[in-house]
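J.: The structure under discussion is supplied below as structure tokens; questions concerning it will follow.
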Amino acid sequence: MAIPIEMPKLSDTMEEGVVVAWLAEEGQKVSAGDIIAQVETDKATMDLEIYDDGFLLKRVVGEGDSVSIGGLIAVLGDEGEDISSLLAEYSTGNNGSARDSGHTSSDDQADNKSSKAGAAGAPAATPAETVEEISALVQSGGEAKILPPSSSGRNISEKSTSEKSMSGRSMSERSMSERSMSEKSMSGSRVKASPLARRLASERGIDMESVRGSGPEGRIVKRDIESYVPAPMKTEPVFAPKRGRTDLPAGSDSYTSLPLSQMRKAIARRLAESKFKSPHFYLTADFDMRKAVAARIQLNELAARREQQKVSFNDLVTKSCALALRDNKWVNASYLEEEGEIRFHDNIDVAIAVAIDEGLITPIIRNADAKSLGQIAAETRELAARARKKELQPEEYSGSTFTTSNLGMFGIDEFTAIINPPNACILAIGAVRDTPVVENGQVVAGKRMKVTLSCDHRVVDGAAGARFLASVRQYLEDPLSMLL
Amino acid sequence: MAVLQFREALRAAMTEEMERDDTIFLMGEEVAQYNGAYKVSEGMLDQFGPERVIDTPISESGFSGLGVGAAMNGLRPIIEFMTWNFSFVAIDQILNNAAKIRYMSGGQFKVPIVFRGANGAAGQLAATHNTSVESIYATVPGLKVVAPSNPDDAKGLLKASIRDDNPVVFLESEVLYGMKGEVSDDKDYIIPIGKARIAREGKDITIVAHGNVYWRAMNVADRLVEAGYDPEVIDLRTIRPLDINTVTESVRKTNRCVIMDESNPFASISSEVAYQIQERVFDHLDSPVIRVTAKDTPAPFAKNLMDHYMPSEEDAYQACLRAMYVT
């Protein structure tokens, strides 16, 4: 019984995946649980695990090929089994329907052979449900005929998925299967690389995952490391002046190209979509942080005594926002055009933008309103550390209800952020700064912090946004109120 | 320096050493009156007389054992096998007596003996006369194994072998006996045992070979140079003790290695070199070490099959390209 292996939905926002490396050969005997390929999604490079025993009869796509969700990647089955009708089914464009229709195909050939086209595919809302997709079974006809390679080809029909990225709830980031992959490397191969290439990459701090191998079966070899061009973010300061080459005649063009990563594409797509679709308006407030500064000193003395994580201003803001969201349901909401509704979320899940080498990612403090400052501090630090190590699991950065972004540590006083769909708002946090303020007609030393709330006007009107900020102000300017 | 044939270089080594030390004698089939089956010992009977250049019956086990006994009693025999294929009937004398007596006697006896003769394939000699014996003897602790590829090395290494106080298996090649080359005139010209030679310096790939096949390796290197690559060629010269450091230093530089070996592939010199490379410089390898050896069969008789049997230059050239990822 031939079993089609389809491109699974490996993240909320994934629409297609790139098969970056094959880890099994055609004709190879494979068992349930084996990793047969690596798939790069908009977030991560993830292992493609199979759930059946059999032989890998066909690798339908090559390394580097992009396949839509539900598209055919490979076929498993018994040794020597005829898979031509199955391939024909997919090549005539019936693939990818599994998720939508609940069965894979009513293709003539399959019916003629009185085979059961029974695919158990269900829409995948979370990564965990991809099991069903991957193991969706299709029984094909059984005539023993070896398909010539030319007719197998790369017949990936371009399935235009109706899956809308809006259903994804986190910003685009790269995710983090590296930990699980390195665990797997104990038992089998993953990134193939020569020993020398591994050593050179390790010496130069190059992530093997980001190197494309030019050797047999994608093996990374010395020349791949030597010619590796790191992502510009790693090497160039953000505000680096344009480098002019003086040895070139005026007008000649000199540049370095970096192919768009899946993560970069996802950031581009989702943020452009957000900016174009959700009408943003901005509310800026300047908070008095003197009490928060004093409270933080006291809190951290306590934390030091208890050997707990220190509390940052950002943690205070997270907690304040979470509490303020309780009273401002319009800000803790989503505008869902498809569903024709505004959804008020019961949970208060605050995402925090974390810059990583390849872009940014937004790990989430779940139920932040119910967590103590100490819990928020510890959890934030832990998530951020793992984010930088690319160890976050999809559920740790998908499905927030509100997002904050803080550039205070870079000395930014104020800025505006783009809403992280399907959130209704994002709060851009500036630095706490010493500044003169007028109080009772006197100029005195003040501690101030500016925040700017970006609001999706489809959900949040000006007054609603302002009320939310007033709430946040109340908590931050009188931190004891967080305890009430 | 004089230009000598390989056989003349060997003769010069033996003659000079026998002139220097009258405990040295040569013994073997047809070494005396016939001047040697391959004329290595031509004229030596005339120079040294029948007591020091001794014809034997066809009895390898006998004269090998006689040699071991003589060595134990203070002489320094050179035992010539017409070819190393014939040494197998004497293998107990070589593997057990020559190799182990020094160890088993706690050093009371030493066995300064040289077993020498033609090794490996020499054309259509069929299955039993084409054996490359180096891995058979190199696996035995107590034996040194030497395999020169050119006349100068032949002289320097044979003199070193004769002067060595341990049994030495000295591997020549029938097809190289007529090769000419410049050879040192120095009567104390010693090339130390256990020292490989970098025959050509390069940076792209290391080709390791020894004996007759070394010349094929050099041809492969020439082809690679024509194709724009820069290969390094190492002539092992001594099989045991193996100069692995010269090989690994080279691999550290080139990151790739192809080993050419006329032996059958299983448990051969190339296996050993490849193992030691990965053991010592694994993190410097950019591609798997590739071996190009004789085929894993008895040597065939038919010429076309024999050509196919031998480690070919084309195979080695392609192996180098694969190792460099340029195919």
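J.: Full extension from B:D22 to B:K180: what is 0.36 nm times the residue separation minus their Cα-Cα distance, to one decimal in nm?
T.: Going from the current span to full extension adds 54.0 nm.
J.: Students often get this wrong: which residues of the range B:248-264 have the backbone nitrogen under 17 Å from the point 7 angstrom along Cα-to-C-beta of B:A127?
T.: Taking a point 7 Å out along Cα→Cβ of B:A127, the residues of the range B:248-264 whose backbone N falls under 17 Å are B:264.
J.: Using a 10 Å cut-off on Cβ to Cβ distances, tally the other chain neighbours for every residue of A:210-221 and report the average as a whole number.
T.: 2
J.: Shifting gears a bit: Taking chain B as a Gaussian network, Cα atoms linked when under 10 Å apart, which of B:H210, B:H308, B:H129 shows the biggest mean-square fluctuation?
T.: Ranking B:H210, B:H308, B:H129 by mean-square fluctuation puts B:H308 first.
J.: Roughly what would the spin-label model give for B:N304 and A:N440, points 7 Å off Cα along C-beta, in nm?
T.: Taking the simple label geometry, B:N304 and A:N440 are separated by 11.2 nm.
J.: Another question, then. Students often get this wrong: which residues of the range A:9-33 have the backbone nitrogen under 11 Å from the point 7 angstrom along Cα-to-C-beta of A:K265?
T.: Answer for the range A:9-33: A:15-19.
J.: Using Cα springs under 10 Å in a Gaussian network model of chain B, which residue among B:A13, B:A138, B:A37 shows the largest mean-square fluctuation?
T.: Evaluated over chain B, the most mobile residue of the options is B:A37.
J.: Given R₀ = 30 Å, FRET efficiency for B:K100-B:K195 by Cβ-Cβ distance, to 0.05?
T.: 0.75
J.: What number, in percent, do you get for the relative contact order of the range B:197-323 if the mean sequence gap of Cα pairs under 8 Å and at least 6 apart is divided by its residue count?
T.: 28 percent
J.: Based only on other Cβ atoms within 10 Å, what is the fewest-to-most ordering of B:V111, A:V229, B:V89, A:V350?
T.: With the sparsest Cβ surroundings first, the list reads A:V229, B:V89, B:V111, A:V350.
J.: Compute the acute angle (0 to 90°) between the alpha-carbon long axis of helix B:151-163 and the principal axis of greatest extent of the alpha-carbon atoms of chain B; round to the nearest 10°.
T.: Its long axis makes an angle of about 50 degrees.
J.: Take B:D222 and B:K253, extend 7 Å from each Cα along the Cα→Cβ direction, and tell me the distance between the two endpoints in nm.
T.: Each label point lies 7 Å from its Cα, and together they span 2.2 nm.
J.: What do you get for the angle between helix B:269-281 and the principal long axis of chain B? Use alpha-carbon atoms, 0 to 90 degrees, nearest ten.
T.: 60 degrees
J.: Can you give me the relative contact order of the range A:264-483 as a percent, contacts being Cα pairs under 8 Å and 6 or more apart?
T.: Averaging sequence separation for qualifying contacts and normalising by length gives 30 percent for the range A:264-483.
J.: Distance cut-off 22 Å, Cα to Cα: go down the list A:K9/A:K43; A:K9/A:K277; A:K265/A:K390 and report the pairs above it.
T.: Exceeds cut-off: A:K9/A:K277.
J.: Here's another thing I want to ask about it. For A:L258 paired with B:F88, estimate the spin-label separation in nm (one decimal), with each label point 7 Å from Cα along the Cα-to-Cβ line.
T.: 6.5 nm
J.: So for the range B:197-323, considering every pair of alpha-carbon atoms, how many percent are separated by more than 21 Å?
T.: 32 percent
J.: Eigenvalues of the Cα gyration tensor times 5, then square-rooted: what semi-axes does that give for chain B, in whole angstrom, largest first?
T.: Calculated on Cα positions only, the semi-axes equal 34, 20, 19 Å.
J.: Relative contact order of chain B: what whole-number percent is it, with Cα pairs under 8 angstrom and at least 6 residues apart?
T.: Normalised by residue count, the contact order of chain B is 16 percent.
J.: What do you get when you divide the Cα radius of gyration of the range A:264-483 by 2.2 N^0.38 Å, with N the number of residues?
T.: 1.00
J.: Can you sort B:W84, B:W215 from fewest to most other Cβ atoms within 10 Å of each residue's own Cβ?
T.: By the 10 Å Cβ count, ascending, the order reads B:W215, B:W84.
J.: Among A:R290, B:R256, which comes first, then next, by fewest other beta-carbon atoms within 10 Å?
T.: Ordered from fewest to most neighbouring Cβ atoms within 10 Å, A:R290, B:R256 come out as A:R290, B:R256.
J.: Extension gain A:D413-A:E337, at 0.36 nm per residue separation less the Cα-Cα distance, in nm?
T.: Gain on stretching A:D413 to A:E337: 23.9 nm.
J.: Just the Cα atoms of the range B:2-183, one point each, no solvent: what log10 I(q)/I(0) does Debye give at q = 0.18 Å⁻¹?
T.: Debye intensities relative to I(0), on a log10 scale: -1.18.
J.: Could you list the residues of the range A:340-371 with an amide nitrogen less than 15 Å from a label point located 7 Å from the Cα of A:R306 in the Cα-to-C-beta direction?
T.: Under 15 Å, as judged by backbone N against the label point of A:R306, lie A:371 of the range A:340-371.
J.: For B:279-287, what's the mean count of beta carbons from other chains sitting within 10 Å of each residue's beta carbon?
T.: Mean shielding by partner chains, rounded to a whole number: 6.
Computed from the coordinates by the stated procedures, all read-outs in this text should not be read as laboratory data. Note that the coordinates shown come from a computational prediction; the quantities given were computed from them, not determined experimentally. Note: ideal-geometry Cβ built from the backbone for every residue, glycine included; neighbour counts use all protein chains shown.
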